[in-house]
Amino acid sequence: MTDNKKKVLVIPNIHSAGIELLAARPDVDYQILESQAPKAISQIQSLAEKAESENVRLKANADLLDRAGWKPVDKQEITETSAIEDMSDEELQAQLDSYFEAEVQERGMKLVQA
């Protein structure tokens, strides 16, 4: 009988909050990777502070920020809409409903009538 549980690797980040990665490859020794993670983070921190190349320091700092959850937005969608003052109550309600439905869908939630 095979074990269908997903393995989770927790790599401490610079704030010790941890980053969870789902183990996608059973042939990888995740214990070794996990034991090396703090050293790797330390090396990235060292590069961010002490590397001679400004480009290396920039990339190391960007990597640290990304891992700490400060990754920049890859894509932004900008939509120009008409001025709120010019919209009727029905148009405002429809716009609000649209935003709400999109947010519910994005979060994977289900809207039920009470």
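The values are calculated or read from the model by the stated rules, or taken from the named source; none is laboratory data. Note that the coordinates shown come from a computational prediction; the quantities given were computed from them, not determined experimentally. Cβ atoms come from the backbone with ideal geometry, glycine included; neighbour counts cover every protein chain shown.
Residues in region 32-46 that are among the hydrophobic types (A, V, I, L, M, F, W, C) and touching a strand residue (DSSP E or B) at 6+ places or on another chain (Cβ under 9 Å): 33, 37, 40, 41. Among what's in region 44-56 and is surrounded by 11 or more Cβ atoms within 10 Å (Cβ to Cβ) and farther than 13 Å from residue 67 by Cβ, pick the residue that is farthest from the chain's Cα centre (by Cα). Ranking the candidates gives 51 first. Residues of region 85-109 that are over 23 Å from the mean Cα position of the chain (by Cα) and exposed (fewer than 10 other Cβ atoms within 10 Å of the Cβ): 85, 86, 88, 89, 90.
Would you confirm, using the coordinates I've provided, whether residue 75 is assigned to a loop (DSSP other than H, G, I, E, B) and surrounded by 11 or more Cβ atoms within 10 Å (Cβ to Cβ)? So residue 75 fails the test. Remark: pairs (first residue in region 31-44, within 14 Å of residue 63 (Cα to Cα); second residue exposed (fewer than 11 other Cβ atoms within 10 Å of the Cβ) and at pLDDT below 85; Cβ separation under 7 Å; 6+ apart in sequence or on different chains) are absent. Here residue 32 clears all of (1) modelled with pLDDT of 90 or more; (2) assigned to a helix (DSSP H, G or I) except the condition numbered (1).
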